[in-house]
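Before any comments, here is the structure.
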Amino acid sequence: MSSTDNVNNATTATIHWNPEGTPVATDYDDVYFSVDNGLAESRYVFIEQNQLSERWLNHPSPCYTIAETGFGTGLNFLATWQHYQQHLADNPNSAVKRLHFVSFEKHPLALKDLSQALKQWPELAEYSKQLIQFYPAIMTLGCHRITFHSPLPITLDLWIGDVHENMPEVPNTRSGLVDSWFLDGFAPSKNPDMWSQQLFNGMAKLSAANASVATFTAAGFVRRGLISAGFAAKRAKGFGRKREMLVGQFIGPKQPAELHQRLYHRVAIRPGESVAIIGAGIAGASLAYALVKRGVKVTIYDQACAAAAEASGNKQGAVYPLLSPNQPNVSEFFQHAFNYHRHLADQLEQQGYPLDQQRCGLLQLSYNQKAAQKNQNILDAAYPVELVHLVSSKQASSLAGVSLSNEALYYPLAGWVNPKQLVNTLLKVASLSGLLDIQYQQQLVAMNTTEHHVELTFKEGLQQHDNVVFCQSHSLLELEQAKHLPLTPVRGQVSHIDSNPKIGALTKVLCYEGYLTPASQQQHCIGASYVRNGVSKIMDEQEGLDNLQSLQNCQAQAWNQQLSFAKVAGRVAIRCAVRDHFPLLGALPDIENIYAPQYLQQWQQQTPPYYERCFIAVGFGSRGICSAPFATELLAAQLCGEAIPLKQSSLDSLHPHRFWNRRLIKNRPLELRYR
């Protein structure tokens, strides 16, 4: 059955099976692949007619991007993955070293239907097994990034929702993103809404120079639509009993950058360049992991003597999405960050590096009227029940293993992770590439850019790199070029509580004014204080007592009244927050020149000023454990000029220039400080 279609939830496909065992989309009355030989058709129409082997040999970039309309059973993706592996085996010096597959699907198959359909292709079992393993568990609308490592790396971006809504939201590059198109929706006669001039024009906007296109249909209006959009489309011999099909190449001119593209321009590094990262917390480690996967040489510098010395060094951190129905971009970003965090953990486990974590579920308690209204707003937004749903106080108590006074929102796939172990695992796996160097006890005091490199002055000496990404905490504000960034240091103290038989029965993470975790090594974490502009790292006895009191006030239960601090009573760290809950992700703004008269007079014709070769991934606040791995995957894709797995409208909300851009567009005076 289909789920209810709404703004936050995808409608899964309703299918049935014909006598030949082929899946048929009930709503479109069309098969997902050819009854004769779907795999052979996929190889002929899309792989052969797009001339992929020939194009991969001499492609100008190490990354090749294929885009597809209609993911269906994933047959085209799996066939392409298999073909790419064989191509590299036969051509080890091929120019293309990374394959990126972007697919649009309005009605994704349910996992059980996908599994049944792919049983027809045993020769693809090596690949379909992984697709089934990592297929999205929560079908939220937007882009789901899935990366596969075996037998060869390949990235799948599965865009769930109407292609006419999603395609304009795909972040583009100035030279175009897509190198080949698989135009493979249901037949035009069955699905006329998809085969539109709007679609063809959208394809043209995303196409790189000479991008190829192939489709099984030979319909005249499709050929004319492609030609009108800028493709040289022609008929070719069809597969099997089909007399003709269409092939083509993009020859149209690229459109000049519009105002929005200039204001939210994203900068890439040059091929072959290295990157220095300042900070070995969750952001720095995640970024290093994402970059070395792309073949980028990375050096991490940290002023501490080990990784995860700041907020990333806590024993337990809750992992769940921040949902804010009144701020759709916030919810969009955090839903996909949550999904990606789960996928990353699964990836690491597949590679033999399991994390210290529990996907035990999380209860967000309606502990007072304000919290109850907030929870109701989330409930009214109708997110997928696999993501979040309401439970009564009785159900919450049963789930948690302890008595609870209030109903709650239940996040069944949420839980906790050991942040310090996560950071060290990412660094360990990244180091295996041979592309990562880590240098501790390096305190940055100054930075200077030249035409060809960045000079980083540490107390211990001068270092030069092609590029730098700042991922540290509030210490970034001590840098002259970053002192006016809209960042606020926030002191947070987490308390460690010895477990006992009563509180030890807790099986879920509890969220209220603070949070409480199930026991790990006979201790619970209660947190955390939130002191804006606090930078002291000295443990405060009163803050620890306040953490306890917050739990007891929100849930006056016998199980939480006799609690004692552990021998190591807690931990203090300084987080960095941004007032709109988004991190700053992208090029480092040159704030002085934003206020310069020459820019203010011509801002509509210019790219906002930024420091060449300098980037930032900062301001994750108290949600960095969940959001930083996804955010740095976005940044790594940007730096390497690849597809970015987030809607453009949400990506704009992460842009470091966003506060100034918004005021310029609204013709409002600029403010120097946004904290």
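Results, tabulated for the structure shown:
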{"quantity": "Failed item, numbered, when ALA636 is tested on (1) part of a helix (DSSP H, G or I); (2) farther than 22 Å from PRO168 by Cα", "calculated": "(2)"}
{"quantity": "Scan of the range 314-336 for residues that are of a type in the set (Val, Ile, Thr) and under 19 Å from GLN358 (Cα atoms), ordered by number", "calculated": "VAL319"}
{"quantity": "Candidate set from the range 380-394 (those that are touching a strand residue (DSSP E or B) at 6+ places or on another chain (Cβ under 8 Å) and at pLDDT 95 or above); member that is nearest to ALA307 (Cα to Cα)", "calculated": "LEU387"}
{"quantity": "Within the range 155-168, considering residues that are of a type in the set (A, V, I, L, M, F, W, C) and farther than 18 Å from LEU635 by Cα, the one surrounded by the most Cβ atoms within 10 Å (Cβ to Cβ)", "calculated": "TRP159"}
{"quantity": "Near pairs, Cβ below 6 angstrom, 6+ apart or cross-chain, from the range 338-360 (among the aliphatic types (A, V, I, L, M)) to any residue that is part of a loop (DSSP other than H, G, I, E, B)", "calculated": "ALA345/LEU355"}
{"quantity": "Subset tally (residues that are among the hydroxyl-bearing types (Ser, Thr, Tyr) and surrounded by fewer than 19 Cβ atoms within 10 Å (Cβ to Cβ)) for the range 411-433", "calculated": "2"}
{"quantity": "Tally, over the range 586-601, of residues that are out of contact with any strand residue (DSSP E or B) (no Cβ under 6 Å at 6 or more places or on another chain) and either modelled with pLDDT under 95 or not in a strand (DSSP E or B) (or both)", "calculated": "11"}
{"quantity": "Every residue from the range 641-671 that is of a type in the set (Lys, Arg) and touching an Asp or Glu at 6+ places or on another chain (Cβ under 7 Å)", "calculated": "LYS647, ARG658"}
{"quantity": "GLN373, sole failed condition from (1) surrounded by fewer than 18 Cβ atoms within 10 Å (Cβ to Cβ); (2) in contact with a helix residue (DSSP H, G or I) (Cβ under 9 Å, 6 or more places away or on another chain); (3) among the polar types (S, T, N, Q)", "calculated": "(2)"}
{"quantity": "Candidate set from the range 614-632 (those that are in a strand (DSSP E or B) and surrounded by 24 or more Cβ atoms within 10 Å (Cβ to Cβ)); member that is nearest to the chain's Cα centre (by Cα)", "calculated": "ALA617"}
{"quantity": "Lone qualifier among VAL222, VAL213 - being in contact (Cβ under 8 Å) with a residue 60 or more places away in the chain, farther than 30 Å from GLU478 by Cβ, assigned by TED's automatic domain parsing to the domain that holds GLN198 and of a type outside the set (Lys, Arg)", "calculated": "VAL213"}
{"quantity": "Any hit, the range 291-304, residues being closer than 12 Å to LEU435 by Cα, of a type outside the set (Val, Ile, Thr), part of a helix (DSSP H, G or I) and at pLDDT 95 or above", "calculated": "yes"}
{"quantity": "Subset of the range 459-509 (residues that are within 21 Å of ALA573 (Cβ to Cβ), in contact (Cβ under 8 Å) with a residue 60 or more places away in the chain, of a type outside the set (Val, Ile, Thr) and not in a loop (DSSP other than H, G, I, E, B))", "calculated": "PHE470, HIS474, SER475, LEU476, ALA482, PRO489, ARG491, GLY492, GLN493, SER495, HIS496"}
{"quantity": "Residue that is surrounded by the fewest Cβ atoms within 10 Å (Cβ to Cβ) [pool: residues in the range 169-209 that are touching a Gly at 6+ places or on another chain (Cβ under 6 Å) and assigned to a helix (DSSP H, G or I)]", "calculated": "GLN197"}
{"quantity": "Single residue of the range 490-547 satisfying the filter (farther than 18 Å from GLN316 by Cβ and among the β-branched types (Val, Ile, Thr)) that is surrounded by the fewest Cβ atoms within 10 Å (Cβ to Cβ)", "calculated": "ILE538"}
{"quantity": "Within the range 633-675, considering residues that are under 20 Å from LEU322 (Cβ atoms) and among the small types (Gly, Ala, Ser), the one surrounded by the most Cβ atoms within 10 Å (Cβ to Cβ)", "calculated": "SER650"}
{"quantity": "Which numbered condition GLU513 misses (of (1) out of contact with any Cys (no Cβ under 6 Å at 6 or more places or on another chain); (2) at pLDDT below 95; (3) not in a helix (DSSP H, G or I))", "calculated": "(1)"}
{"quantity": "Checklist (1) assigned to a helix (DSSP H, G or I); (2) free of Cβ contacts under 8 Å to residues at least 12 places away in the same chain; (3) farther than 22 Å from GLN327 by Cβ applied to GLN604, failing item", "calculated": "(2)"}
{"quantity": "Residues being of a type in the set (A, V, I, L, M, F, W, C), closer than 23 Å to ARG623 by Cβ and part of a loop (DSSP other than H, G, I, E, B) - total across the range 520-561", "calculated": "2"}
{"quantity": "Pairs with Cβ under 6 Å, 6+ apart, first in the range 385-407 and at positive phi, second crowded, with 19+ Cβ neighbours inside 10 Å and not polar (S, T, N, Q)", "calculated": "GLY401/LEU506"}
{"quantity": "Flag for LEU387 being of a type outside the set (Ser, Thr, Tyr), touching a Ser or Thr at 6+ places or on another chain (Cβ under 8 Å), buried (at least 20 other Cβ atoms within 10 Å of the Cβ) and within 30 Å of LEU141 (Cβ to Cβ)", "calculated": "yes"}
{"quantity": "Matching residues in the range 147-192 - criterion: being within 22 Å of ASN8 (Cβ to Cβ) and charged (D, E, K, R)", "calculated": "ASP157, ASP162, GLU165, GLU169"}
{"quantity": "Considering residues of the range 288-314 that are touching a strand residue (DSSP E or B) at 6+ places or on another chain (Cβ under 6 Å) and under 22 Å from HIS474 (Cβ atoms) only, the residue surrounded by the fewest Cβ atoms within 10 Å (Cβ to Cβ)", "calculated": "ASN314"}
{"quantity": "Elements of type helices (runs of 4 or more DSSP H) contained in the range 28-147, each with 2 or more residues being more than 20 Å from ASN210 (Cα to Cα) and not aliphatic (A, V, I, L, M)", "calculated": "38-42, 75-90, 111-118, 125-134"}
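Residue by residue, here is whether (1) touching a Phe, Trp or Tyr at 6+ places or on another chain (Cβ under 7 Å); (2) at pLDDT 95 or above holds:
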site: ALA617; (1), (2): no, yes
site: SER627; (1), (2): yes, yes
site: GLN638; (1), (2): no, yes
site: GLN648; (1), (2): no, yes
site: SER653; (1), (2): yes, yes
site: HIS657; (1), (2): no, yes
site: LEU664; (1), (2): yes, no
site: LEU670; (1), (2): yes, no
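Residues checked against (1) modelled with pLDDT under 80; (2) buried (at least 19 other Cβ atoms within 10 Å of the Cβ); (3) among the aliphatic types (A, V, I, L, M); (4) in the same structural domain as PHE186 (by TED's automatic domain parsing):
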residue	(1), (2), (3), (4)
VAL7	yes, no, yes, no
HIS16	no, no, no, no
PRO19	yes, no, no, no
ASP29	yes, no, no, no
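Table: residues versus (1) touching a residue at least 12 places away in the same chain (Cβ under 8 Å); (2) crowded, with 23+ Cβ neighbours inside 10 Å; (3) within 27 Å of the chain's Cα centre (by Cα); (4) farther than 28 Å from GLY295 by Cβ.
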{"residue": "ASN76", "(1), (2), (3), (4)": "yes, yes, yes, no"}
{"residue": "HIS87", "(1), (2), (3), (4)": "yes, no, no, no"}
{"residue": "ALA110", "(1), (2), (3), (4)": "yes, no, yes, yes"}
{"residue": "GLN116", "(1), (2), (3), (4)": "yes, no, no, yes"}
{"residue": "LYS129", "(1), (2), (3), (4)": "no, no, yes, no"}
{"residue": "PHE134", "(1), (2), (3), (4)": "yes, no, yes, no"}
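The values are calculated or read from the model by the stated rules, or taken from the named source; none is laboratory data. Only a predicted model underlies this, so the values are computations on that prediction, with no experimental measurement involved. Every residue, glycine among them, receives a Cβ derived from its backbone with ideal geometry; neighbour counts consider all protein chains shown.
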